[in-house]
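Worksheet: the structure to be examined is printed underneath.
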Amino acid sequence: AGSVGGGLWKSTDDGSSWSIVSGLFDNLAVSTIAIDGNNIYVGTGEAYYFKPESTWGGTWGIDSLRTLKNGFLRATSQPGEGVFSSNDGGATWNHDNGTWNNSSVRYSGDFMSIQVVATKAGRTLVGSLKGLYWSDNADLATITKSSGTTYFMNNVITEVKFANNNVVYAGTRDSLYRSTDGGQTFGAAINSIFPVGAS
């Protein structure tokens, strides 16, 4: 279990007691967890909110432009540091990978806030505020942006689910998309009930 600002916690007695997991103290803003065998992925960073005016008060909203500022007068959230991965069942952790490295800067880049991580059969999908990414490396050493419409590629990915036969479904804030190649490419929005995002 994880929480924004509280780190990652583990229970071995069906949730009766919990202990904090060491190895993720670089960033405690846990936003999502995915497990595939001994491979565990923990996304960090919460959704960023901003205030366009220079004073407090008024309406806050999600930063649709994703041009975020340092400091908390104009932006509020717990910044992330990409995806932490463990390939030994949680014994050790690392986030020096395609989502974060020594040159990465908080409040900037495509992986400042991980919304969802999904993994199945060696493929891992990472949804951020700036699109969806995939990797076939257990340690996420290389990560590639999924292709699709301009709207899909630059939108907040809120949910990702693996189905059968390499089918993957991905949701943005207002549209649903389908991939038939394991999440590498997505077609136009398939939903007719929800509003359809611009192409």
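The values are calculated or read from the model by the stated rules, or taken from the named source; none is laboratory data. Quick caveat: nothing in here was measured; it's all calculated off a predicted structure. Neighbour counts are summed over all protein chains in view; Cβ atoms, including those assigned to glycine, are modelled from backbone coordinates with ideal geometry. To get the accessible areas, we keep the full protein, side chains included, count just its heavy atoms, and leave off ligands, DNA and RNA. Shrake-Rupley method; radii C 1.70, N 1.55, O 1.52, S 1.80 Å.
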_Amide H within-cut-off set for Val116, under 5 Å, with H built and near neighbours excluded_ = Gly127
_Going by amide H atoms built from the backbone, whose H comes under 5 Å of the H on Leu176, apart from near neighbours?_
Ile190, Asn191
*Highest mean first, what order results for 170-182, 20-32, 117-129 on Cβ atoms within 10 Å?*
117-129, 170-182, 20-32
_Cα gyration tensor shape of the range 116-199, rounded if a/c is under 1.5, else prolate or oblate by comparing a/b with b/c_ = prolate
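Kirkwood Rh and Cα-based Rg: tell me the resulting Rg over Rh for the range 109-158, rounded to two decimals.
Values: Rg = 10.4 Å, Rh = 10.9 Å.
Here the Rg-to-Rh quotient is 0.95.
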*For the range 153-193, taking Cα atoms only, what is the radius of gyration to one decimal and the Dmax to the nearest whole Å?*
9.6, 26
*Taking the Cβ-Cβ separation of Asn166 and Asp96 as r and a Förster radius of 22 Å, what is the calculated FRET efficiency to the nearest 0.05?*
0.15
_From phi via Karplus (6.51, -1.76, 1.60), per-residue ³J(HN,Hα) for the range 178-191 in Hz, x at Gly/Pro_ = 10, 10, 10, 10, x, x, 6, 9, 10, x, 5, 4, 9, 7
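Any idea of the accessible area per residue across the range 108-199, 1.4 Å probe, to the nearest Å²?
Working: 4070 Å² over 92 residues.
On a per-residue basis, 44 Å².
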